[in-house]
1. Right, Ala121: over 18 Å from Arg242 (Cα atoms), more than 40 Å from the chain's Cα centre (by Cα), exposed (fewer than 14 other Cβ atoms within 10 Å of the Cβ) and of a type in the set (A, V, I, L, M, F, W, C) or not?
2. Taking the range 274-298, which residues are aliphatic (A, V, I, L, M), open to solvent by 60 Å² or more (accessible area, probe 1.4 Å) and part of a helix (DSSP H, G or I)?
3. Looking at (1) crowded, with 16+ Cβ neighbours inside 10 Å; (2) touching a residue at least 24 places away in the same chain (Cβ under 8 Å), can you tell me which one Ala157 breaks?
4. Of the residues Ala196, Ala150, which single one is surrounded by fewer than 19 Cβ atoms within 10 Å (Cβ to Cβ), of a type in the set (A, V, I, L, M, F, W, C) and modelled with pLDDT under 90?
5. When you look at Glu178, is it touching a residue at least 60 places away in the same chain (Cβ under 8 Å) and either open to solvent by less than 30 Å² (accessible area, probe 1.4 Å) or farther than 30 Å from Leu129 by Cα (or both), yes or no?
6. Just name the residue that is farthest from Ala278 (Cα to Cα) out of those in the range 344-361 that are outside any helix (DSSP H, G or I) and open to solvent by less than 10 Å² (accessible area, probe 1.4 Å).
Amino acid sequence: MDDHSLSVLEYPRVTAAVAAFAESDGARARLAAWRPIADRALRNREIEALGEAIRRTAESGEWCRTARGSLATALDRDSHEPLDGQALLGVLEWLEAGRETRALWEEVAPERFPRLAEQVAGLPVLEPLRARLALALEPDGRVSDKASPALAKARSALARDERALEQRLTKWAHGFGESAFVTRHADRFVALIPAAGFPRRRGIVHDVSGSGQSLFVEPLEMCEANNHLLELRATALEEERRVLRELADAVLGQSEALGALEAGLVALDSLRARARWAREVLAIALTPGGARLHLTGARHPLLAMGERRAALVPLDVTLEGGARLLLVSGPNMGGKTVLLKTVGLAVALAHSALPVPAGEGSAVPEIETILVDLGDEQSVDRGLSTFAAHLQTLGAMAEKAGPASLLLCDELGAGTDPEEGAALGRALVEHFAAHGAWGVVTTHLGSLKRVAGEVRGVVNGSLEFDVATMTPRFRFVPGVPGASHALDVAARLGFPAAVLARAQAMTSEESRALERLIGDLHATRREMIEETEALGAARATAEAEAEGHRNAAGHAHQTLNDLRRRLTRESEVLLSHARELWQTVQREARRADKSRMPGEALKAEIGKVEREVEALEREAERAAGPEAPRESLASVDVGRRVRVTDLGVEADVVSTPDAEGKVVLQRGSWKIHSHVSRLAPAGEAAERRPSGRSAATWASDDAPPLEIDVRGMEVDEALRTVDTGLDRAVVAGLTEIRVVHGIGRGVLRAAVERHLREHPQVAAQRLGAGNEGGRGATVATLR
């Protein structure tokens, strides 16, 4: 693409802004020089990686590491300067960055970010070199003692002899007073002692203090030790140099892999910088292609980063269905140039695999050439006036106009005679449209506004302008040209009334009529938008109220269910009391105990319990509200097989319904009292009632057990469990059931045996057989 046009669009400022988000020098330099990518396959791969980088950056945690500086100097084989510790430390930092980057991706599934994972997997693994450098170098770049046994030995001897010499010299210096102390001068240990009275024959004077009151003295008897230290230092230094040469050779031996490592990390850092910038300006990864230009919520990248971005009005621009040229008209300062640059930058950024500040669903066509005619292009040195410079650019546009070109013209036809400028502008627009070029053209010329209705592929557009306040709204209006409002703006700015009146008189009626028509169109459109927004708000309110109603209904339903469960529990307690009373009646009748409760009183007590149960059922039915209609039986005849819906069992009709609809059923040896409203034809799926208690003696949703396990229970709890299990077994039509009580001390077994002997539903009992639990179980035969 044309670099001059990109510069006019301020594309380099955008890439510089993106580069600021990079951490490595290489990535910053790479992004600052970033340009559109012509190779479609390469561009699409970059865009896919960018999309993954944006998604990954939105998650927590880092996913890339880099290092300072560049490896170019360290890997330069032609350099005559050997690598020192600092240069090798820089190499180690890049190796550590590669290692850490790979570690960050170890727990990430590759299929989530395939492009990024592929780039990370492609980073060279240089672990032996990294481990060698890490062992040989200290954090400040010095060679470590671990780098060489010979170096460690030389440094150890040097340190030992230095301590010994320092101790000797300190003892010698104390003889010259408290102010004397040991120091170094030119790599030799000396003592700083008072100059007065010191006999010069006792040592070598290396220097005098600035005041002249002290001498730097090396005693003669310690010269040999100092000389020995110099030799040891030279030995250690030579060994350090040898180690550094070996490390440098190892680095140069891996120069190609190290270059690939740096390039890979710089590429990842570049992707991360683009993703960070995308989050800053709310941009997306956009792949060019197709036959439409559709930007939703598009923003100028530089304005999206500024302090006024909160007040920035997004643009919605669409060219599709054969429309390729957009003519934007309207007053000055209305935002036409910003619109033109926004479209141009969106296309350029998409072709550069850079984030586009627009909403999801946006699309741009694939473009090969972007040409821009914008601003003052006059060139003094080339002898070009402003208009001549514009003509030169427009001529280049006419030559390169085609389906793969984007042409952006600001103030087409301006700068010369209006009639000739309009004619030239129309001819260019017709030429662009005939060659299928994409473009955005801004103009003030009224005659060009009519081109949209006369030339195929050209559509009008404008930017909203508040006539009352004479201020732009920066909202794009498709399909409607814009009025210039030149005289209105002049009046608002205090232009002389007489001059304005004369200008209005000189304006043709056709121009005034066109301005009025355009104004009416904008007013009508604003009214439609306001009505649409009002309808949308009303719909949102209605949906919110409907949601509130649904929540309230759900809460009421939950409350009813809670009430039903409570009533069910209470009715079960009453029925349990009724069973206990019935069992008392049976036991008293068998024992013929004269002291038992009179039969009439017991009968009255049972009737009272039954009435309480029925009252609870009626209350549960009222709480439940109206039920869905259930298919009723056509007839309830004696001997017919029916299903008791609230019990979930089938039984035979013994007696026809009485006046109240009550009916008696027979299931095995168990009689069931129910109501015709709770009966259904046999074979239908059992219906579980959400609440309430059945009208029969007992009901359960679970399958009846084949045994009753009471091991570990107290006697009272065990007997209640036995009663419940026997009731369920009888309703289910079982003939036998096993009670598992264990052996223990026999207390629980004896209580169970006594209880079963007196139980009205048990015909006989026996100890369990060998395969039934033996003495630890009792098998009851049911009536």
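The values are calculated or read from the model by the stated rules, or taken from the named source; none is laboratory data. Not measured: the values here are computed from a predicted model. Positions of Cβ are generated from backbone atoms using ideal geometry, with glycine treated the same way; all protein chains shown enter the neighbour counts. Quick note on the areas: whole protein, heavy atoms, side chains included, nothing else; ligands and nucleic acids left out. Shrake-Rupley method; radii C 1.70, N 1.55, O 1.52, S 1.80 Å.
1. no
2. Those that are aliphatic (A, V, I, L, M), open to solvent by 60 Å² or more (accessible area, probe 1.4 Å) and part of a helix (DSSP H, G or I): none in the range 274-298.
3. The single condition Ala157 does not satisfy is (1).
4. Answer to the check: Ala196.
5. no
6. Looking at the filtered set, the residue picked out is Ser352.
Rundown of residues vs (1) open to solvent by 10 Å² or more (accessible area, probe 1.4 Å); (2) acidic (Asp, Glu); (3) under 28 Å from Val649 (Cβ atoms); (4) within 59 Å of the chain's Cα centre (by Cα), yes/no style:
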| site | (1), (2), (3), (4) |
| --- | --- |
| Glu707 | yes, yes, yes, yes |
| Val740 | yes, no, yes, yes |
| Arg749 | yes, no, no, no |
| Arg754 | yes, no, no, no |
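Yes or no, residue by residue, for (1) among the hydrophobic types (A, V, I, L, M, F, W, C); (2) closer than 18 Å to Ala680 by Cα; (3) modelled with pLDDT of 85 or more:
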site: Gly607; (1), (2), (3): no, no, no
site: Glu612; (1), (2), (3): no, no, no
site: Glu617; (1), (2), (3): no, no, no
site: Ala623; (1), (2), (3): yes, no, no
site: Glu627; (1), (2), (3): no, yes, no
site: Val638; (1), (2), (3): yes, yes, yes
site: Val642; (1), (2), (3): yes, yes, yes
site: Asp646; (1), (2), (3): no, yes, no
site: Lys662; (1), (2), (3): no, yes, yes
